[in-house]
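We did not get these values from a lab; they are worked out from the coordinates using the rules stated. What you see is a predicted model, and the numbers here were worked out from it, not measured in a lab. Backbone-built Cβ (ideal geometry, glycine too); neighbour counts: all protein chains shown.
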Amino acid sequence: MVARSLWRAGAKVAMAATAIGGGAAAASIAASDDPSMALKLCTTVPVRLVRLSFTVATVAFDYEYSLWRFPEGSSEREKVKHEVHLRSARRIQELCFKNGGIYIKLGQHISQLEYLVPQEYVQIMREYMLNRCPVSPYDQVCEVVKRELGETPDKIFSEFNPDPIASASLAQVHVARTHDGQKVAVKVQHTHMTDTAAADHASVALIVNTIYRLFPSVDYSTVIDSVLSPPQELDFLGEARNSEKCLDNFRKLSPHIADYVYAPKVYWNLSTSKLLTMEFMDGAQINDVRAIQRLGIQPSEVAKLVSHTFAEMIYKHGFVHCDPHAANLLVRPLPSGKRSICGKRKPQLVLLDHGLYKVLDSNIRFNYAALWKALIFSDAEAIKENSKKLGAGEDLYALFAGILTMKPWNRVVDPAVDHLVIQGTDDERSELQMYASQYFPQISELLRKLPRVILLMLKTNDCLRAVNNSLLQGSSLETFLIIGKVSSEAVIEAKLAENKSFACWLNVWLDEVMLEARIFTLQLALWLLNLKKTLLW
């Protein structure tokens, strides 16, 4: 009886998704001027909707039917729940692969949500979503190239490898060579990505909202808001402009690290809104520690560079690359050949996929910088004040701090030098999952309150944490000190820009002296801590 009623609930979700998603699909088909494209949409979109609806209904039924016999908190229930998590994660991963497009982006984002979804989902999505995305057949690639550039790839380029070197949610990348001998990477949008995106967005959003109405304790609507592709991601010319603006910001606003950050050169004459031709980049993927070491580069130096790069973007530039997962970051030796004191080669960070950027206005940038400064230096009152300014409210600031740092409140305000460092042990991961399960309703409430731009900052923070963990097998105090220093500098600069009086200048100067003294003290404590560990070992 219970199983039958739950199956009916899942069926209602499926039917509602099919109906409303079908309405979005019909609108897309009606708006198409190309009869052949309209015909393809008529055949592909309904299949995608049915596939989505069936998967959601199956997952809902599996959870409720498999768990209803076991009492809450029992060891049997936990064992069965683990198995259902794995089955459901694989079903969703298969759905993402079959439907592609924004579904891939959704899977990639789920892989970063350790504070919100079960660990089984995180593991499955990380294993499949970054490097194993499905590819479009070569004839479809030729179709896009001819439509965008007027000729087939073999005419436009002197060489064009039909096998892609990478495939992501919106496009895939092929290696080619121009007629003047330049090796390039050609990013080709998956066929009809623009046309199916509207129907996909409507149907996925409807599924999430319907599940929330049926089961009010399950609210993932904020995930939809923060991850599904906005229109600008489908415009590759906008992506090209973002890459150039990013580098220009480093040259003008952060010249001290500008040489250490790079984005591929754009070939504008071979680029359109659906096809982007860029300089080909050799390098190691950011999470491939062995490849980085083979280049003569220390992974710890890469972790510090990543932290420094994104801290400058977030707190000083206010123009942020919001999709820094491992597949979008490469590492190569600094072209100048500069080396560290130990003789190791200095790294250069290569930023790929500039489709998703966000501009932070001055107030949000200042408050977010002030919040991270407070988190790094364990300032409870400042954490509360700036969390409230960012929308967390009076009662959810501790939870907000926990999501940002992946630490419980008592650790966030701990004055110990390594209070934010995560070693990444199984016990700590289990603790995080316990908190995610225990405080899920409060987390959902917090995410509903935060502005969308802060949700994107959380997504960026999740990606950077995953990168940092892969490089160091945990968090490093040095990377947090970099965040503390850059965020503090941004706060100081904002104060000086607001008030240029001598008294303000003097206060700012004193703040800078105190900051440098505090950073030095923490670095000295870190050195002594490492020395102690070395001697004990």
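Couplings 3J(HN,Hα) for region 380-388, derived from phi with the Karplus relation 6.51 cos²θ - 1.76 cosθ + 1.60 (θ = phi - 60°), are 4, 5, 5, 4, 4, 4, 6, 5, 4 Hz, where x marks Gly and Pro.
Would region 77-139 count as rounded, prolate or oblate if I go by the C-alpha gyration tensor, calling it rounded below 1.5 in a/c and otherwise prolate when a/b exceeds b/c, oblate otherwise?
Working: a/c = 2.95, a/b = 1.99, b/c = 1.48.
Verdict is prolate for region 77-139.
For region 87-94, the Karplus equation 6.51 cos²θ - 1.76 cosθ + 1.60, evaluated at θ = phi - 60°, returns couplings of 4, 5, 4, 5, 4, 5, 4, 5 Hz by residue, with Gly and Pro reported as x.
Radius of gyration (Cα atoms) of region 261-420, expressed as a multiple of 2.2 N^0.38 Å: 1.25. Rounded to the nearest whole angstrom, the semi-axes of the ellipsoid equivalent to region 138-189, taken from the Cα gyration tensor as √(5λ), stand at 17, 14, 8, largest first. Applied to region 163-173, the Karplus parametrisation 6.51 cos²θ - 1.76 cosθ + 1.60 on θ = phi - 60° returns per-residue 3J(HN,Hα) values of 8, x, 8, 7, 9, 10, 5, 9, 7, 9, 10 Hz, with x for Gly and Pro.
Taking the Cβ of Met278 as the centre, find all other residues whose Cβ is under 14 Å away and add up their charges (Lys, Arg: +1; Asp, Glu: -1). Each step should come with its number before you reach the end.
On the way: positive: Arg177, Lys183, Lys187, Arg241, Lys265; negative: Glu239, Glu244, Glu279, Asp282, Asp353.
Residues near Met278 contribute 0 overall.
Taken along the Cα-to-beta-carbon direction at a fixed 7 Å, the label points for Gln123 and Val359 span 4.4 nm. Note on Lys316: lysines with a C-alpha under 23 Å away, same-chain residues under 8 apart excluded, are Lys245, Lys252, Lys304, Lys358, Lys373, Lys384, Lys388, Lys389, Lys459, Lys485, Lys495, Lys500. If you take the Cα centroid of region 327-384 and the Cα centroid of region 438-481, the two points sit 14 Å apart.
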